[in-house]
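To keep things clear, I will list the structure first and then write my remarks on it.
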Amino acid sequence: MSLYKSGPKIYRAGVAVTAEPKNLPENVRYEKFKGGKYSKFVLTGSYANLPQASGRVFEIVAEKKIQMRDDYCIENYTNDPRTTPEDQLVTEILIPTV
């Protein structure tokens, strides 16, 4: 999972967990998301296509006048690139919306 804000360039890597983890390494921290509405776009194919796909997502959001809220965008990688053929990789691009 990748989290980012497009305004101020902020990037975080993360994983989803079912409960708050204990005894985390020094440079790792737990943060619970407050949730909210997201608009979902799906890319099937190589991760190399993510920059172009994300750019197109933001164009669509602007064209459709979808109001974004100030929160992290999320790239959710739904399958394992070690066992999934590159052309079958699925990435959900989630945009925080009002």
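Readers should treat all values here as calculations from the given coordinates under stated rules, not as data from a laboratory. Keep in mind that this is a model prediction, so the values were computed, not measured. Using ideal geometry, Cβ is built from the backbone for each residue, glycine included, and neighbour counts are taken over all protein chains shown.
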Quiz item: For the chain, which span is the longest to avoid every loop-located (per DSSP) member of chymotrypsin sites (Phe, Trp or Tyr not before Pro) having at most 13 other Cβ atoms inside 10 Å?
Solution: 34-98
Quiz item: Once fully extended, how much extra length lies between D80 and Y11, figured as 0.36 nm per residue of separation less the alpha-carbon to alpha-carbon distance?
Solution: 22.7 nm
Practice problem: Find out how many positive minus negative residues lie around V28, taking Lys and Arg as positive, Asp and Glu as negative, among other residues whose Cβ is under 15 Å from that of V28. | Solution: +1
Quiz prompt | Cβ-based net charge around M68, under 12 Å, with every Lys or Arg adding one and every Asp or Glu removing one | solution = +3
Self-check item: Given K5/K34; K9/K34; K9/K32, the pairs whose alpha carbons are separated by over 18 Å
Solution: K9/K34; K9/K32
Self-check item: Among (1) 24, 20, 11; (2) 32, 18, 10; (3) 18, 16, 13, the entry derived from the coordinates for semi-axes √(5λ) of the Cα gyration tensor in Å
Solution: (1)
Quiz item: Where does the charge balance sit around Y4 when Lys and Arg score +1, Asp and Glu -1, over other residues with C-beta under 15 Å from its C-beta?
Solution: -1
Quiz item: So how much slack lies between M68 and M1, counting 0.36 nm per residue of separation and subtracting their Cα-Cα distance, in nm?
Solution: 22.1 nm
Practice problem: Loop only per DSSP, at most 16 neighbouring Cβ atoms within 10 Å: give me the GluC sites (Glu not before Pro) in the stretch 19-80, ordered by residue number. | Solution: E26, E31
